[in-house]
Structures are given as structure tokens and as C-alpha cells.
């Protein structure tokens, strides 16, 4: 599992920048980098600025793999309705086999709609 700082470095690399340059561009002190590399997380406001600048999602920066996130947090930055977020949270609480069953059901329903 990667850390927040490792994910930050990776996303910065994809954009051809560095965490230091990102901090400067969004008006955040580069002194925070040491704390973040030691396991601290930025504030929600800073995470939002970073995600917007890096074109990624806050939950990804914060948690990495969505399975590491609390179920209710998965859609917080992507603008899904409360109903969709609730549905996803409920699905994420299911066992893996049950999640695969739900996925197959959704695929079947989508295929029916295409016909």
C-alpha cells in the first residue's frame, strides 16, 4: 500500500512537476512536505487544491486504493449524488463474491438496455 506522499509524488510525476513545485503553484508552504513524507496528511482544503491541480481525486490522494477508504468517502470529491454514494458505500460493505454478483447484474442490465 502506498502512502499519501508516494501518491503525491506519483501524480506530480504524471504532470511533469514535483511536490515542491505543486506547493508553490497552489500557495502552500513547502515546509509541509517533510510532515507529509513522515505520514501526516494535509487538510481537506489543501487536498482539494492538490487534486484539482493534478487532475485526480481527493479520495485517491488521501486513501490510495478505494478499499482503504471508509465506504462513505469514496465519492466525496467527484460530485456523485448522495443516493449514488450511499449505493456504492453499501456495495463496498459486501463480501467480494457478493460484489462480483452485483457487478454481473449491472452488466446484464446494461446489456439489456443496449438491445
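When residues in the stretch 14-24 are screened for being at pLDDT 95 or above and surrounded by 12 or more Cβ atoms within 10 Å (Cβ to Cβ), 7 of them pass.
Against the list (1) in a helix (DSSP H, G or I); (2) at pLDDT 90 or above, the condition residue 91 fails is (2). Looking across the stretch 11-48 at every residue that is closer than 14 Å to residue 62 by Cβ and not in a loop (DSSP other than H, G, I, E, B), the one that is farthest from the chain's Cα centre (by Cα) is identified as 36. For the stretch 40-60, the set of residues classified as buried (at least 16 other Cβ atoms within 10 Å of the Cβ), modelled with pLDDT of 90 or more and over 13 Å from residue 28 (Cα atoms) consists of 51, 54, listed by residue number.
The values are calculated or read from the model by the stated rules, or taken from the named source; none is laboratory data. Note that this is a predicted model, so its numbers are computed, not measured. Neighbour counts are summed over all protein chains in view; Cβ atoms, including those assigned to glycine, are modelled from backbone coordinates with ideal geometry.
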